[in-house]
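A.B. asks: The structure that follows is given in the form of structure tokens.
The values are calculated or read from the model by the stated rules, or taken from the named source; none is laboratory data. Everything numeric in this text was worked out from a predicted model, so none of it was measured. Virtual Cβ from ideal backbone geometry, glycine too; neighbours counted across all protein chains shown. What goes into the accessible areas is simple: the full protein's heavy atoms, side chains included, and nothing from ligands, DNA or RNA. Shrake-Rupley method; radii C 1.70, N 1.55, O 1.52, S 1.80 Å.
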Amino acid sequence: MKALPLFLLLLAGSACASDADVLKCRALADTGARLACYDAIPVGAKPALAAATPAPVAAPMRNKEESFGMEAKKQREEEPKSITSTIAGEFQGWGPGAQIRLANGQVWRVIDGSEAVLPRTRDPKVTIERNMFGTLFLRVEGTNSSAKVRRVQ
């Protein structure tokens, strides 16, 4: 009957026994020794965690437009909702996985598998905008086409 309160504690989340401790007790054949092993597991003790390594610090960006699309979720609130640039040179559309280099130096990759064949244009104006869920879309001015994109550079 002593195993029942331990079981209830495990369900309630107040016991933090490590998997190794539980497996060690489970392997014991003798019922009395197994129960004593379970009773000896410290209740509420936190298992040792591996030492956390600090994340590398990225070089600071010069302005918010340069970092658009590369920011962490916390920074999104401070970032602009969209940026506008041009695609340098001739442009005829995109296919799945295409990388599009903007005149401002940013490189964006199409991630939604979409494709668009557009009339050949030179230096088309594009807008990359974030929707209410944080998803980024590239829109080419003068068309109804858009692609879900992720910044790669």
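A.B. asks: Within region 91-107, track down each residue that is assigned to a loop (DSSP other than H, G, I, E, B) and surrounded by 14 or more Cβ atoms within 10 Å (Cβ to Cβ).
C.D. replies: Within region 91-107, ALA98, GLN106 meet the criteria.
A.B. asks: While we're looking at this one, here's another question. Which of the residues that make up region 108-129 are surrounded by 12 or more Cβ atoms within 10 Å (Cβ to Cβ) and out of contact with any Ser or Thr (no Cβ under 7 Å at 6 or more places or on another chain)?
C.D. replies: Listed by number, the residues that qualify are TRP108, ARG109, VAL110, ILE111, ASP112, SER114, GLU115, THR121.
A.B. asks: Here's another thing I want to ask about it. Tell me which of these MET132 doesn't satisfy, since it passes every other one: (1) at negative phi; (2) at pLDDT 90 or above.
C.D. replies: (2)
A.B. asks: Can you tell me which residue is least open to solvent (accessible area, probe 1.4 Å) among those in region 27-39 that are at pLDDT 85 or above and not in a loop (DSSP other than H, G, I, E, B)?
C.D. replies: If we take residues in region 27-39 being at pLDDT 85 or above and not in a loop (DSSP other than H, G, I, E, B), then CYS37 is least open to solvent (accessible area, probe 1.4 Å).
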